[in-house]
Amino acid sequence: MSTQRTYLPIRENEIILRAMCQRDVIWAALLDHMVFPDPWGSDAFAQEVENRHAFYFVLEHLHPETLPAERRPLFSALLGVVGLREELARNGQHYGHITNLVIHPAWQGQGLGRRLLQQALITARRRTLAYLMLEVYTTNERAIALYESEGFTIEQKLPRYYSSGADAYLMTKPLPDGGPTEPAIAPCRRERERPSLFGEPHAAP
């Protein structure tokens, strides 16, 4: 990926994409607090990690000590989190609910959010889900543009959806859409190899 402004280049061996584990939940919650006015707590993330119908992934920097201070994650090496929960509609269709997508503020705008979203899409396709849905702040223009570029459309406005009183858009995307179903990411309990951002495995320490 190319650098933008003063951003550092992202190298294959620096960032990995892996399944979220229980050890990540407190850091995921702190990251959510950094970005959103209505963040999830660590208990919510912990429940999702144990939910066999939920699929959560994180981006982790392997060498945060090498980063300049303004780019170094404050709490852990986590740079981003995405969550997908499989749910059942009243008509019997299985669909996916993207519950979370958060990127560390210092790392936004470099394609990391798109990579996480694409992994959620890959998982949804592998699960043969009928469609995807998500909620997004109506003021979050960057996120809305990302979702639209990946085939999501705004279905309706949800007034005062968040606990802060902020409005949300409900966005959906039909599946299957003919997109990729690889690379697959192994669950945390089998984490002997950890795929990099670009899909190549790295041995776990």
>> Once you order the gyration tensor axes a ≥ b ≥ c over the Cα atoms, which shape class does region 15-203 get: rounded for a/c under 1.5, otherwise prolate or oblate by comparing a/b with b/c?
In response: oblate
> What net charge is computed for the residues neighbouring Leu31, neighbours being all others with C-beta under 13 Å from the C-beta of Leu31, Lys and Arg scored +1, Asp and Glu -1?
Replying inline: -3
> Taking amide H positions as placed 1.01 Å from N in the peptide plane, with prolines and chain starts having none, which residues 5 or more places from Ala77, or on another chain, fall under 5 Å of its amide H?
Replying inline: none
> Considering only the other residues whose Cβ falls under 12 Å of the Cβ of Thr138, what net charge follows from Lys and Arg at +1 and Asp and Glu at -1?
Replying inline: -1
>> Less than 13 Å Cβ to Cβ from Arg85, Lys/Arg counted +1 and Asp/Glu -1: what total charge do the surrounding residues give?
In response: -3
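Every number here is computed from the coordinates shown, using simple stated rules; none is lab data. What you see is a predicted model, and the numbers here were worked out from it, not measured in a lab. Positions of Cβ are generated from backbone atoms using ideal geometry, with glycine treated the same way; all protein chains shown enter the neighbour counts.
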